[in-house]
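In what follows, a structure is listed as structure tokens, so that the remarks can point back to it.
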Amino acid sequence: QQQQQQQRSSSRQGYRQQGMQGGIHGKGMGMASGGQQPPCVTVEQLVQAVAKLPPGETAVAAVSKGLTFLDSSAVAALLKELAKQGCLKQSVEIFDWLRSLPPTHELSRLCDLYTYTTMISQCGSHQQLSRALDLVTEMRAKGIPCNVHTYSALMNVCVKANDFQLAKDMFTRMAADGVQSNLVTFNILIDVHSKNGEWEEAVARLDDMERQGINAEVRTYNTVISACSKNSQPEKAMAIYERMLAAGVQPSATTYTVLISSYGKRGQVEKAMELYQDMIRRGCERNVITYSSLISACEKAGRFELAMELFAQMHVEGCRPNVVTYNSLIAVCAHGNGQWERAATLFDQMQREGCQPDNITYTQLLAAYERGGQWQRALQAVEMMPMHGCTADASAFNSLLEVLWQSGVLVAQARALQVWTVANKTGQCGMFIDTRSSPDAVQYSTAGGSRGAIIVAVLRWLAELHSKANASSEGFLRQRILLKVNKAKQARQLDLLSATQDALGVLFCGSGAPLKVTSVVNGLLISASGDQLYQWLLGPGLSDLVFMQQGLIRKKLPLQALVAHDAALAARCSAAFSGMRTSEGACAPSELMYDPVVLQQRTQVVDLALQYASSFQLQDGTIYDAIHLFDRVMCMHPPTVASEMWPLALGVCAALTATATSPPPAGVTSPSMMPSMDNLINSSQAAALMAAYPAETITSMERSVMVALGPQGLTCNTVLRAMTVLNERLGYGSDVGDGPTLCGPTICGGSGCTLRLPERLQNALQAVAAQVAANPKALSLPPSAAACAAMVAARRRAGALPVWPAALQAMTGLALSPGSELSAHVELLQL
């Protein structure tokens, strides 16, 4: 095989060296007068003469005399060298002039097999397939037979012109003409099969070569292996690799890279690593493509640690990573939960090393931020993209919309609605009316994507219909209104539609929307009666759904101020929630220690507490504090309150919490100086509720309750308090910014904007809080844990999506998934 390679190399260079270095005498030229040799002209001299021509000068005049001293092989070398030196136009000009000469001209002899084959080969550089075919036709007309080199050149032109079928036809024609194939023609044909996805034909041609005694080279095997790999046939590719070894052909880095990539696409990282170890044993140099393919294999298999080990090994071997390497590494981080920090570090590192991020880099980085719930960083990354010449595509927008919406943070969800509008204007997201709609229905359609992207698209669709409803009569929606959500091409979409269907069902049910969502072929279909939807669009449900009343989507909030505001809010709420968790163990009631007689009357306890709240004009938080104090009293051992006296004990707890939450009178500086029960219970309703008890009995009960409460006193950690912190983390009840920075006069018309709970969510929270309070099982859970379960239930009832926001998961460390702790709590409380 080495001898064949040397012979081919020698034949390729022979005739060029003959003209370039030694000079060639004209054919048939005799001795010059005086017995001197005729002049000697070299190809190099003619190339230099053409290269020095001023623009517009003809090359024929510069070389015509010199051509008389060359034979056809030297002219072929001249034409080839001119093309190589960037003088292709002059090369074509010279050959076309030679073609135009009459047969009787002395230089017409130079248009033979060598020069025609050379010029056919040059047609490939500019994909001039028609010219190449014309030259072959001209050769046949002149009686010049095509040889294997001519056919090889023509097949190569066909490949560069992407006419693969014609390349195969030329191979067939060559065989019909009795021209024996060689290694080059087989290499070209196998390459055609590989590009066409015809892996079986590529293997068959390799078999043909063996039968004809043509030894395949490493390039041949690599192409066949690549054909098998591209068509998901790693086992077949491995079989070719073994044939290669048996034939004594040394694998190259390309061989291993293709094989590694083949197994990596199927997530068979162990097989890929076996090949990597084989490379090391055989002393085959690993390059950046090899390592990038290995890291990509780790990405498919979710092997983050192994990917980082390979990345470190690259540096040990002095192999500098490129953008493909970093993209694969960041993708590994994107597919591994909790690795967004590493993705951000790699993104910074690649820039420090002078590696420019591309669109794929940003897409993978956004995917990592999406998985990590980092909506602030995702927004910042999108703003950075133009600095590196990148633009957000559909995948980037899908990730951004997903992380913004799933955060559950109000300002982030408002920004998601704005981002969708931007994506719509750039053609990355869209809503279209189907012109094929039936006369009784109007159908819209939108592309699928991430769950958050689909939900945002639906909300924007409803907002648009709301605007039309305000400006139109009832019949504008026809009898039926439809929205088709088409399934996207992304692999993750396969598992996403079912979850999206469930989420939309929660959204529509909780908001009272007369919309139904069903699964159809290649997507989801949302449908409603036109009349019913019209009435709903004009009601309050939609305003709550898209936060219209808060004005957050009417102006683009400054990103820097938005991020700073949310960071401060997250820190404050996290500290509060953590403090509650730390202290709730010291004063938490227990179902096991509870007075069993009173525990059986749990529902009546909560009902009476709500009556006390009405009588004492207490807020929800105050009465749930009272229930918490009462629960602590009922868990006291030995008991300080008789079971039958629980209504009075509950009333005393209500009065105590009211005292603790009321502003102190003038001159009162400590809780111990607060007014007594006698001064507090002064309303007629409260007096009626407690009229059955003498004043001394009430006073005695107050002392018993305070003894039972012990040193913790009126300290309360209740479910409702924890729910308030959870809601504040999402932005409810908080001021969005100070002064005009975030939400000034141009947005909300004031110096700040307090985001209030929508009525439907407020009602759901109140109902669930009462349900949890009445459930004895809640006493077995810490209040913070019960609050998280209550939030899930309340948001689900109200149609607030997501039902368990990513911001709350990050703050509490609780995930809502099958078999998770939070799911178990929801099930325990029967919510």
Worksheet entry | Paramagnetic label zone (point 7 Å from Cα along Cα-to-C-beta, Ala570; backbone N under 17 Å) in region 343-381 | 343-345, 366-381
Discussion item. Suppose the Debye formula is applied to equal point scatterers at every Cα of region 297-410; what is log10 I(q)/I(0) at q = 0.10, 0.20, 0.21 Å⁻¹?
Written reply: -0.27, -1.03, -1.12
Discussion item. From the phi angles alone, apply the Karplus equation (6.51, -1.76, 1.60; θ = phi - 60°) to region 291-305 and give each ³J(HN,Hα) in whole Hz, x where the residue is Gly or Pro.
Written reply: 5, 5, 5, 5, 5, 5, 4, 5, 4, 5, 8, x, 9, 5, 4
Practice prompt. Treating cross-link reach as a plain straight distance, find the lysines whose alpha-carbon is under 24 Å from the alpha-carbon of Lys425, omitting any fewer than eight places away in the same chain.
Written response: Lys468, Lys484, Lys487, Lys489, Lys555, Lys556
Item to complete: Quick one: angle between helix 559-584 and the longest Cα principal axis of the chain, in degrees between 0 and 90, rounded to 10, please.
Response: 50 degrees
Worksheet, complete the sentence: Computed over the chain: longest principal axis from alpha-carbon atoms vs helix 113-122 long axis, angle to nearest 10 degrees, is 20 degrees
Response to the item:
Between the Cα axis of helix 129-141 and the main Cα principal axis of the chain, the angle (0 to 90°, nearest 10) is 20 degrees
Fill in: Mean Cβ neighbour count within 10 Å, used as a protection proxy, ranking 296-304, 609-617 highest first
296-304, 609-617
Discussion item. Could you tell me how far the Cα centroid of region 789-819 sits from the Cα centroid of region 40-78, in Å?
Written reply: 81 Å
Discussion item. Given an 8 Å cut-off on Cα distances and at least 6 residues of separation, report the relative contact order of the chain as a percent.
Written reply: 6 percent
Response to the item:
Log entry: pair-distance distribution for the chain, C-alpha pairs binned every 20 Å from zero, whole % per bin is 12, 28, 27, 18, 9, 5, 1, 0
Item to complete: Show me 50-56, 281-287, 150-156, 387-393 ranked by packing, highest mean number of other Cβ atoms within 10 Å first.
Response: 150-156, 387-393, 281-287, 50-56
Worksheet item: Where in region 360-404 does the amide nitrogen come within less than 16 Å of the point 7 Å from the Cα of Gln349, taken along Cα to Cβ?
Response: 365
Fill in: Listed peptides 65-71, 824-830 by packing density, highest first (mean Cβ within 10 Å)
65-71, 824-830
Practice prompt. Largest first and to the nearest Å, give the Cα extent of region 109-174 along each principal axis.
Written response: 34, 25, 17
Worksheet, complete the sentence: For Arg581, the accessible surface traced by a 1.4 Å probe with all protein chains present amounts, in square angstrom to the nearest 10, to 100 Å²
Practice prompt. Quickly estimate the mean residue ellipticity at 222 nm for the chain, helices only: each DSSP H run with n ≥ 4 gives -39500 (n - 2.57), and the total goes over all residues, rounded to 500.
Written response: -19000 deg cm²/dmol
Discussion item. Using only the heavy atoms of the protein chains and a 1.4 Å probe, how would Arg320, Arg109 rank by accessible area, largest first?
Written reply: Arg320, Arg109
Response to the item:
The answer for the chain, accessible area per residue at 1.4 Å probe in Å², is 45 Å²
Item to complete: Report, to the nearest whole %, how much of the accessible area of the chain belongs to carbon and sulfur atoms, 1.4 Å probe, protein only.
Response: 51 percent
Fill in: DSSP-defined beta bridges in the chain - what % are antiparallel, rounded to 5
70 percent
Discussion item. Given a Förster distance of 56 Å, report the FRET efficiency between Asn522 and Ala204 from their Cβ-Cβ distance, rounded to the nearest 0.05.
Written reply: 0.90
Item to complete: Would you mind getting me the FRET efficiency between Lys777 and Gln619? Use the beta-carbon distance for r and R0 = 22 Å, nearest 0.05.
Response: 0.30
Worksheet, complete the sentence: Here FRET efficiency (C-beta to C-beta, His105 to Gln85, R₀ 22 Å, nearest 0.05) is 0.25
Discussion item. Please compute the length gained on full extension between Gln830 and Gln712, using 0.36 nm multiplied by the number of residues separating them and subtracting their Cα-Cα distance.
Written reply: 39.4 nm
Fill in: Protein-only accessible surface order, largest first, of Val92, Val768 at 1.4 Å
Val92, Val768
Item to complete: Can you pull the one-decimal nm distance between simple spin-label points at Ser130 and Met431, each 7 Å off the Cα toward Cβ?
Response: 4.9 nm
Response to the item:
Per principal axis, largest first, the Cα atoms of region 217-336 extend in Å by 40, 29, 21
Discussion item. Using 0.36 nm times the number of residues separating Gln604 and Ile280, minus their current alpha carbon distance, what extension gain do you get?
Written reply: 109.0 nm
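The values are calculated or read from the model by the stated rules, or taken from the named source; none is laboratory data. Every value quoted in this text rests on a predicted model; they were computed, and no experiment measured them. In this analysis, Cβ positions are derived from the backbone assuming ideal geometry, glycine residues included, and neighbour counts consider all displayed protein chains. With ligands, DNA and RNA removed, areas are computed over all heavy atoms of the protein, side chains included. Shrake-Rupley method; radii C 1.70, N 1.55, O 1.52, S 1.80 Å.
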